[in-house]
Structures are given as C-alpha cells and as structure tokens.
Amino acid sequence: MLNVDEIVHRIQTIIKENELSASSFADRIGVQRSSISHILSGRNKPSLDFLAKIEASFEEVSFSWLLKGEGNADISSPTAPTPMETPTLVENEIIPTPKQMISVKNEELIKIVHYYADGSFEAYTKR
C-alpha cells in the first residue's frame with residue numbers, strides 16, 4: 001500500500017530542492033494553487049493526474065520515486081528553469097508602495113495569507 005505522507009514529503013522535497021514557492025510549483029505543473037495547499041496540508045491526497053503533472057514537469061522525477069521512493073531522483077538540478085525578465089529601472093520612475101498596489105480595486109483589505117513550502121501558512125486578518 002502507498003504511504004501518502006511519504007509521497008507528500010517527496011513533493012515537498014521537489015519544491016524545496018528546486019527553490020520554488022508552493023504557488024510557483026503549482027504554476028509550473030499547471031494546477032490551481034489551492035490544490036498544492038490542500039495536498040501539502042494533508043487535507044487532500046494527490047491524484048494520479050496530479051502526480052503525472054509533476055513527473056511531466058520535472059524530467060528528473062520518476063513515478064516509481066514519487067510513489068514508492070524507489071530509484072534515484074536528481075531533484076537538486078531543476079530542468080529548464082523558466083527565464084525571468086530582469087526589470088529595468090528608469091530614472092525618476094515612480095514605484096508603487098505595497099499599500100498603493102493593494103488598493104488598486106479601491107476595496108478594503110481584510111486578510112493576507114502567507115503559504116510556505118512545508119504546507120504551513122500564516123493568516124493576518126484586519127481587526
């Protein structure tokens with residue numbers, strides 16, 4: 001029988017070794033960010049489709065390693081990292097502060113949630 005906790009631990013290892021956040025991991029494998037949160041927190045079990053997306057997105061990861069921990073997974077060297085464009089600063093450019101960026105919708109902010117790669121999170125609610 002498969003040990004789901006060990007599978008989740010291997011998923012966390014992939015995230016950590018590739019220096020990804022839970023959200024960037026979700027984007028990379030093409031799933032909703034909430035799916036990652038639910039799986040890492042133990043609320044949901046990873047489906048076969050979910051594991052297939054990981055296996056397809058990380059060349060160095062195999063099903064046998066994901067499911068049973070068998071074989072080698074050289075997860076310390078990510079495959080084809082997505083190049084990020086380096087922003088260029090223009091002289092006298094006005095950079096919005098976080099408060100300005102949040103109030104784009106002209107709505108009051110009521111909650112901020114930080115999700116961590118280990119499946120934990122912190123929520124900050126306006127009182």
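Which one of these does residue 108 not meet: (1) at pLDDT 65 or above; (2) part of a loop (DSSP other than H, G, I, E, B); (3) surrounded by 10 or more Cβ atoms within 10 Å (Cβ to Cβ)?
The single condition residue 108 does not satisfy is (3).
Can you go through 76, 120, 57 and tell me which one is at pLDDT 90 or above and touching a helix residue (DSSP H, G or I) at 6+ places or on another chain (Cβ under 9 Å)?
Only one candidate qualifies: 57.
Yes/no matrix, rows are residues, columns are (1) buried (at least 19 other Cβ atoms within 10 Å of the Cβ); (2) of a type in the set (Asp, Glu); (3) part of a helix (DSSP H, G or I); (4) on the phi > 0 side of the Ramachandran plot:
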residue	(1), (2), (3), (4)
12	no, no, yes, no
36	yes, no, yes, no
52	no, no, yes, no
55	no, yes, yes, no
64	no, no, yes, no
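I'm checking my understanding of the structure. Among residues of the stretch 38-50 that are without any contact (Cβ under 8 Å) to a residue 24 or more places away in the chain and surrounded by 13 or more Cβ atoms within 10 Å (Cβ to Cβ), which one is nearest to residue 27 (Cα to Cα)?
50
Filter the stretch 1-36 down to the residues that are of a type in the set (Ser, Thr, Tyr) and over 8 Å from the mean Cα position of the chain (by Cα), then identify the one that is nearest to residue 66 (Cα to Cα).
13
The values are calculated or read from the model by the stated rules, or taken from the named source; none is laboratory data. These figures come from a predicted structure and were not determined experimentally. A quick note on method: Cβ atoms are made from the backbone with ideal geometry, for glycine too, and the neighbour counts reach across all protein chains shown.
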